[in-house]
Structures are given as C-alpha cells and as structure tokens.
Amino acid sequence: MNEKNAIPFFYEYEKENKENKIKIITSYGDIEIELFKNTPYHRANFIYLIKKKYFNNTTFHRVVKDFIIQGGNSDSYEISKKRTMIGKYLLPPDTKKGYSHNRGILSMPSSEIDNPHKLASPYEFFIVVQKPGAYHLDGDYTAFGKVIKGMDVVDRINKEETDKRESPIHNIYMKMEIIQ
C-alpha cells in the first residue's frame, strides 16, 4: 500500500469489513473499544491492521502521566518488517465528526514527518486518560473510537514508571482481536 492507493483501498475495504468492536489484550487486563462508524478510513485501517496481526507484540511505547497512553509503534525488526510488507501511507484527518477527546477516546497521532496537514500515522494510536478530556487535541487529531470496557486497565498502564522519553521502564506488550 502507498500514498496513492491507500484511500481508494480503505474506501472499498470499509464496505466489506463492518466490524467495529475490538479488544486490546495486555498483561494488565483487556481493553474493549468501539470504533466509530462515521470515521470510515480510520476504522477500516485499524480493522485491516488487526486482521494482518500488525499490533500483536507491539507495545504501549509512550505513557504520559494523566494525559495519554500511546501504542502501535515499535522499533523491533519484526514490527518494522510488518510495516514494510503492509506499506507506507498516511491517512487524512477526519476531525469534523463532532467527537471530542474525552477521557477514554481512541485517536490517531499525526506523523512525525514534515506534516502541515496533520496526516495521521496509520500504525499508531493513543487513548486519552486526562480527566475530563484532552480537548486541546480536538480539530487536530482524529478521534475514531472509545473505550467501552477496561478503562481501569488504561489507568493502570498510565501509572507505569517511565524514562525521560516517556517510554515505560517495563515493556507493555499487546495483542488485538476483533470482537464484533
């Protein structure tokens, strides 16, 4: 997949793959998430990556106390190889659906490349921990799901000790599966 064919691919993929509930499995417990149906490219991308088992053995690599937990990226050779096989692409922001970055919202960070349009990094996600929410993110990042069960697990992960780069001292691995 690449910049030219990703959106047409997800446009078609979304029509045939209507799943919208997923589970993130960690050693801390499970987190269940409902994906929003009206953010079709982000939902389809996430379902696609779960079906490709991309997220399995990735980590929550960034934990910002009382703000977010972020996962999906990894510097490991295995995960880098998976990304290479899937392709290099970004997703356009889909920020005008009326969702705010309330506590428990699943959102997609923008890519770290020179990115004035806030194109989203399709291999990463974050969950808002901040109470009542991280509303300064609204309009810049695409909220595309919400935690429906397991917010206590999100909070436990957010309490983990981190280094100066906001990386947990102990790796927090995940696996994902589709519930419905």
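Quick notes on this structure:
- Some residue of the stretch 66-76 being free of Cβ contacts under 8 Å to residues at least 12 places away in the same chain and under 30 Å from LYS164 (Cα atoms): yes
- Flag for GLY139 being part of a loop (DSSP other than H, G, I, E, B) and of a type in the set (Gly, Ala, Ser): yes
- Of the candidates LYS82, LYS65, LYS23, the single residue that is of a type in the set (Lys, Arg) and farther than 19 Å from VAL147 by Cα is LYS82.
- Going through (1) part of a loop (DSSP other than H, G, I, E, B); (2) modelled with pLDDT of 90 or more; (3) closer than 22 Å to TYR28 by Cβ one by one, VAL147 falls short only on (1).
- Selection within the stretch 1-22 - among the charged types (D, E, K, R) and crowded, with 17+ Cβ neighbours inside 10 Å: GLU14
- Pairs are defined by a Cβ separation below 7 Å, a sequence spacing of at least 6 or placement on different chains, a first member in the stretch 36-61 that is under 24 Å from THR162 (Cα atoms), and a second member that is acidic (Asp, Glu) and outside any loop (DSSP other than H, G, I, E, B); the pairs so defined are ASN57/GLU78.
The values are calculated or read from the model by the stated rules, or taken from the named source; none is laboratory data. Please read all numbers here as calculations on a predicted model, not as lab measurements. Because the Cβ atoms are built from the backbone with ideal geometry, glycine has one as well, and the counts that use them run over all protein chains shown.
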